[in-house]
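Only one structure is covered here, and it is reproduced in the block below.
Throughout, read-outs are computed from the coordinates displayed, never taken from laboratory work. Note that this is a predicted model, so its numbers are computed, not measured. Note that we place each Cβ from the backbone using ideal geometry, even for glycine, and neighbour counts take in every protein chain shown.
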Amino acid sequence: MDGRRKPAFHAYKTLIEMIDGFIEADIISKNPFVAEFRFKDKIVYVVWGRGRLPLEGTAQLIGMYGKDLGRADLSKYELKDELVYIKLVKPALKVSPKISISISKTKAYVGEKIIVSGSITPFKGPAKLLLIINSPKGTFTKRIDLNKSQYNYAIEVDAEGEWSIQARVEENKLYYPSSSDTLTFTAEKKEATTPREAFPIQYIIVSIIVVVALAIGAIGYSIKKKRE
């Protein structure tokens, strides 16, 4: 034993130093992986993978084993298959978020529900999300208070025809106004099924009586023949 600490020790020590005591946490991206840990006076990101990050601002970079990697402009920084801790030095005051949107189906029947879901990236804090829904009956807006990056909402389909949906983020101290793509779906009424006409009960009863009478007659005839 040469007395030197193993890499695993330094990796664990760095992890504790960087994220111990956080107040809130959220995963804001999966490719590359970006986890946000919020403290009272700072924000620390744990990032891993390859490619550009959905982050802005000037930040201090710390390697997996605790090495200071210096500062970087996150809008230009690119990961190269590594795990890095990012501590914001001067967070961007405002960002123009990217809003994703999807719907559960593109064809629906009147009376069903369409689920609208998506996320905003990067997520910097509370946001006001507007869903602009155009239906055959007119346009209405649903306001959603976001405290995390993901959102979802169920639309009651109450009219047949073409529908369209768009998500927008209202401007505040963290975000510039931004809009998603517009998605559409078609609603139609279910074809009414014609119920089969019930066979009148009296016909059933008469049929049973006739069958029983014929059976009794056949039995009586058979007995009579035997007696003869």
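Computed quantities for the displayed model
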{"quantity": "In nm, spacing of pseudo-spin labels at residue 50 and residue 75 (7 Å Cα→C-beta vector)", "calculated": "2.6"}
{"quantity": "Local net charge near residue 39, Cβ-Cβ under 12 Å (Lys/Arg +1, Asp/Glu -1)", "calculated": "0"}
{"quantity": "Neighbourhood net charge (14 Å Cβ-Cβ; Lys/Arg +1, Asp/Glu -1) for residue 22", "calculated": "-2"}
{"quantity": "Selection of trypsin sites (Lys or Arg not before Pro), segment 88-141, meeting DSSP coil and at most 10 other Cβ within 10 Å", "calculated": "137"}
{"quantity": "Exposure proxy order (Cβ contacts within 10 Å, fewest to most) of 129, 53, 183", "calculated": "183, 129, 53"}
{"quantity": "Semi-axis lengths, Å, segment 41-147, gyration tensor of Cα atoms, sqrt of 5 times eigenvalues", "calculated": "39, 16, 10"}
{"quantity": "Modelled FRET efficiency - R0 35 Å, residue 64 with residue 162, Cβ distances, 0.05 increments", "calculated": "0.10"}
{"quantity": "Added length on full extension, which subtracts the Cα-Cα distance from 0.36 nm per residue, residue 13 to residue 176", "calculated": "54.9 nm"}
